[in-house]
Amino acid sequence: MKNYKKISLKELSTISEYKISIIIPVYNVETEIHKTIESILNQSIGFENLQVIMVDNCSSDNSREIIDEYANKYDNFISIHHQVGSGSAGKPRNTGLSHATGDYVMFLDSDDSYTPKACETLYNKINDIDGDIIFGRYERVYTYSGKVKKSYSPYKDNLTNLKENNPLNVPDFLWNIIKIFLYGKNIKGKYPRSKVLNEIEIESINEEPDIFKMSPAIWSKIYKHEFLIKENITFSNLVGEDYLFSVETLLKAKKICFLNNFISYDYTVHDNPKDSSIMNNINLRLLKDFMDLFTETSILCEKYNFKHSNILINPHLLHWFRLWFKSNMGKNENKELIKSLKNLQNRYHKSKFTLPLIIFMIKVYIKFLKD
C-alpha cells in the first residue's frame, strides 16, 4: 500500500495533476471489478487524465489482490486497504476523498460501469460553466431478467428507446397514482415541463426543487473538488450514506447542471429471485440507519431553508417500508423500529398531510400485523 496524506484546499491548488479523481469502494467483487475498471480504461477523455483510487473494505475474496495488480501496473491507480471493516461504503469513500488530487471528483461502485464518454462529457460541462455539480442519467441493468431501464426524471427527454424506472420500482400504473400522493403537483421552477429539455442549469436547488425527486445517485455526478473541500462535505458512516451526501451537496452547491438526455452510468441490479443475499442484507442496523438519514435530511433542509423536504423523504420512507416488509424482524426489533419512527414523526408534527400519514400507517402495520 502506498502512503498518501490528506489534501487541503491550499495543497490542491499546487499539486493537482489529474482532471478527475475516481473513487471506488471495494468489497468482495472479484467477479465484477474487472468490468468496472475496464470502463475507466476505455474512457474517451484519456486514461492518463484520471486518478483511480480503489479502497478495499476488508474483502474476504480476491478483490484485494486484483486492485493491487492494477495499482502496480498503472501509476495513476492507488490501492488502499482498510484494516477494519466499516459496514458501509462511507468510510472507504472518505479515505478516497482524502487522497484525491484531481480538479474534480467522481464516484464509481465496484460492480457498475461508466458509459464510454461519461468522464469527458461531465468534465467538459462542469469546466465550461464552472459548476459545483454536474450530473446525467443512468441505466438500471438487471442481471437476471436482462431489462435495461433509464433512471427516473421529472423532465421530458429524447431517450425514447428506454423505459423509465420509477423510484419505488412498482408497475407504471401504480407509480402514476403513488407519485401524486407522494409529491403532489410539479413544483413550479425555472424550466417548463411541457417540452423536451436537454439541460437544466441552475444557481441553486431552490430554482428547481423537482431535481430532488430523482434518485440520489452520487455515481452519475461529477463534483468540483474545491467545492467539497471548502464546504467540508464528507460521508457519514450510516448505511445509505450516499443519500445524505447527495442531499447536502445539492443544498450547498452554487451552480448545478443536469444533463437530461445523457446516460453516464450503468447501474447493476442483481434481481435473481433465488439470491438469498438480498434478504440477508436487510437487518436492524440498515433500517435504523435509514431513519437517522431521514432525520439528518430534515435538519439540513431546515438549515438551508429548503421548504420541500417531503419530496426528499416520502419516496424513501416508502422504500424503507418495502425493505422492512421483506425482512424477518423479531418482536423486539420491531419495537426498536417503532421508536425510530416516532422520533421521525416528532420532527414532522407540523408537516403536510402525506408524511405523517405514511408514518402512521407503517407504525400500525408493524405493531398489529407484523408482530
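The values are calculated or read from the model by the stated rules, or taken from the named source; none is laboratory data. Everything quoted here is computed from the prediction, not taken from an experiment. A quick note on method: Cβ atoms are made from the backbone with ideal geometry, for glycine too, and the neighbour counts reach across all protein chains shown. For accessibility, only protein heavy atoms count, side chains too; no ligands or nucleic acids. Shrake-Rupley method; radii C 1.70, N 1.55, O 1.52, S 1.80 Å.
Taking the criterion of being under 17 Å from Ala253 (Cβ atoms), outside any helix (DSSP H, G or I) and β-branched (Val, Ile, Thr), the only residue of region 96-128 that qualifies is Val105. Just one of the listed residues (Tyr114, Tyr123, Tyr183, Tyr155) is among the aromatic types (Phe, Trp, Tyr), farther than 27 Å from Val29 by Cα and in contact with a helix residue (DSSP H, G or I) (Cβ under 6 Å, 6 or more places away or on another chain), namely Tyr183. Which condition breaks for Lys163 when tested against (1) crowded, with 17+ Cβ neighbours inside 10 Å; (2) in contact with a strand residue (DSSP E or B) (Cβ under 7 Å, 6 or more places away or on another chain)? Going through the list (1) crowded, with 17+ Cβ neighbours inside 10 Å; (2) in contact with a strand residue (DSSP E or B) (Cβ under 7 Å, 6 or more places away or on another chain), Lys163 breaks only (1). Among the numbered conditions (1) in contact with a strand residue (DSSP E or B) (Cβ under 8 Å, 6 or more places away or on another chain); (2) not in a loop (DSSP other than H, G, I, E, B), the only one that Tyr191 does not meet is (2). Scanning region 129-168 for residues that are of a type in the set (A, V, I, L, M, F, W, C) and outside any helix (DSSP H, G or I) turns up Ile133, Ile134, Phe135, Val141, Val148, Leu159, Leu162, Leu168.
Residue count for region 306-339 satisfying the condition of being open to solvent by less than 50 Å² (accessible area, probe 1.4 Å), over 24 Å from Tyr183 (Cβ atoms) and in contact (Cβ under 8 Å) with a residue 12 or more places away in the chain: 5.
The requirement of being under 21 Å from Arg322 (Cα atoms), of a type in the set (Gly, Ala, Ser) and either in contact with a strand residue (DSSP E or B) (Cβ under 8 Å, 6 or more places away or on another chain) or open to solvent by less than 30 Å² (accessible area, probe 1.4 Å) (or both) is fulfilled somewhere in region 138-152, by at least one residue.
Just one of the listed residues (Leu337, Leu312) is closer than 22 Å to Asp210 by Cβ, of a type in the set (A, V, I, L, M, F, W, C) and modelled with pLDDT of 85 or more, namely Leu312.
Of all the listed residues (Tyr365, Tyr348, Tyr304, Tyr267), the sole one being aromatic (Phe, Trp, Tyr), modelled with pLDDT under 80 and under 23 Å from Ser246 (Cα atoms) is Tyr348. Note on region 58-80: residues that are open to solvent by 20 Å² or more (accessible area, probe 1.4 Å) and under 23 Å from the mean Cα position of the chain (by Cα) amount to 1.
Here's a check for you: in region 84-95, which residue that is in a helix (DSSP H, G or I) and of a type in the set (S, T, N, Q) is surrounded by the most Cβ atoms within 10 Å (Cβ to Cβ)? Across region 84-95, the extreme among qualifying residues is Thr95. Answer yes or no: is there a residue in region 237-248 that is at pLDDT 95 or above and under 20 Å from Ile24 (Cβ atoms). Within region 237-248 (the criterion being at pLDDT 95 or above and under 20 Å from Ile24 (Cβ atoms)), the answer is yes, since at least one residue qualifies. Residue-level check: of (1) crowded, with 22+ Cβ neighbours inside 10 Å; (2) more than 29 Å from Tyr183 (Cβ to Cβ); (3) not hydroxyl-bearing (Ser, Thr, Tyr), Asp103 misses just (1).
Among the residues of region 234-251, those identified as open to solvent by less than 20 Å² (accessible area, probe 1.4 Å), over 18 Å from Phe135 (Cα atoms) and out of contact with any Leu (no Cβ under 7 Å at 6 or more places or on another chain) are Phe235, Glu241.
Just checking, does region 106-126 include any residue being at pLDDT 95 or above and more than 30 Å from Lys230 (Cα to Cα)? Yes, region 106-126 has at least one match.
Where helices (runs of 4 or more DSSP H) fall wholly inside region 206-322, the ranges with 1 or more residues that are hydroxyl-bearing (Ser, Thr, Tyr) and under 22 Å from Asn343 (Cβ atoms) are 241-252, 284-303.
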